[in-house]
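Derivation of every value follows stated rules applied to the coordinates shown; laboratory data play no part. Just so we're clear, the structure is a prediction, and the values are computed from it rather than from any experiment. Cβ atoms come from the backbone with ideal geometry, glycine included; neighbour counts cover every protein chain shown.
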Amino acid sequence: MKIGSNAGHTLPGTTGCGAVGLINESVCTRQIAKYFNELLRANNHSVIDCTIDKSTNYLKEAVTIANRQNLDYSISHHLNCSDDISANGVEVWIYDFNDRATVAAANRVCNELSQLGLRNRGVKENKKFAWVKNTKSKAMIIEYLFCSNAKDVGLYNPQRLAEASCKGLIGQVKVNPGSVGPSENNDSRCSYKNGEYNRQARVVNVGSKGLNIRQARNTSSEVIGKLVQGSVIKVDYCIDNWFSVWENGKLGFVYGEYVQLI
Ligand SMILES: [Zn+2]
């Protein structure tokens, strides 16, 4: 198949950028799209990258790129966001419920993603969303999860999300997403590779001050907990040296310089 792939929104902080919840939609859609595109190519499908990083009219430009090609599918990757922090789950928007093939494919995408633990909100129709309305090919907007919901954010793992949506779209994914592409780290202070860890680590280098657990992956976000020097925690997913951790059932993030894998 020939598939157009759009990482939803423009870069963080620019006109048209995505939602900011516990994680940043613009950053995450690019991480997901990167793996999605690589996985499709590794499985012998062709991919047209329709991502626009900077524009005052990004959707129109993205649709234009998609419509220059004869695509089988135009896919746009998004995270949902809500003022209601309990809202959660995956959903896929399509243009027309009468298009049975797209309904079936979108249902498969929802089902695969819900296997990761996300609530399946199902396939939804919208006649106004520009991406599904204006692209010539069959189209989907995949809202992978809510960036405003702690449980969903705990399940955020761009490789696994991309693998699931690819599988829903093309059937079988032959290539392990862990083997696809280098995992870049945009932070030079320490050098943990981006990706899933799911292992124990000890809190180090913090002395008597202890280690802050933050609400998001940056030092300006709220401190929601503290860990004492020497304590052992489980670190999950790492992006730019920030690990997600679950302490007392609550999701938070700690900086990699202050943990040592054991
Ligand atoms: Zn969005």
DSSP beta bridges in the chain [antiparallel fraction, %, rounded to 5]: 55 percent
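For V232 and D187, what does the FRET efficiency come to when R0 = 22 Å and r is the distance between their Cβ atoms, rounded to the nearest 0.05?
The calculated FRET efficiency here is 0.40.
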Full-extension gain in nm, A104 to E257, via 0.36 nm per residue minus C-alpha separation: 50.5 nm
Within segment 64-81, backbone nitrogen closer than 13 Å to the virtual label 7 Å beyond the Cα of K136 toward Cβ: 64-74
N44 versus S86: modelled label distance in nm, points set 7 Å from Cα along the beta carbon direction: 4.9 nm
Value at 222 nm in deg cm²/dmol, rounded to 500, when DSSP H runs of n ≥ 4 in the chain each add -39,500 (n - 2.57): -7500 deg cm²/dmol
Mean Cβ neighbour count within 10 Å, used as a protection proxy, ranking 231-240, 149-158 highest first: 149-158, 231-240
Cleavage-rule hits, chymotrypsin sites (Phe, Trp or Tyr not before Pro), segment 1-62, DSSP coil, Cβ neighbours within 10 Å at most 16: none
Point-charge dipole on Cβ atoms (K/R +1, D/E -1) for the chain, about Cα centre, debye to 20: 240 debye
Share, in percent, of DSSP beta bridges within segment 195-261 that are antiparallel, nearest 5: 100 percent
For the chain, alpha-carbon Rg and Dmax in angstrom: 18.9, 63
Dipole magnitude (debye, nearest 20) for segment 1-122, charges at Cβ of Lys, Arg, Asp, Glu: 260 debye
Cα-projected label distance for E247 with T14, points at 7 Å along beta-carbon direction, nm: 3.6 nm
Between segment 191-262 and segment 54-71, the Cα center-to-center distance that results, in Å: 39 Å
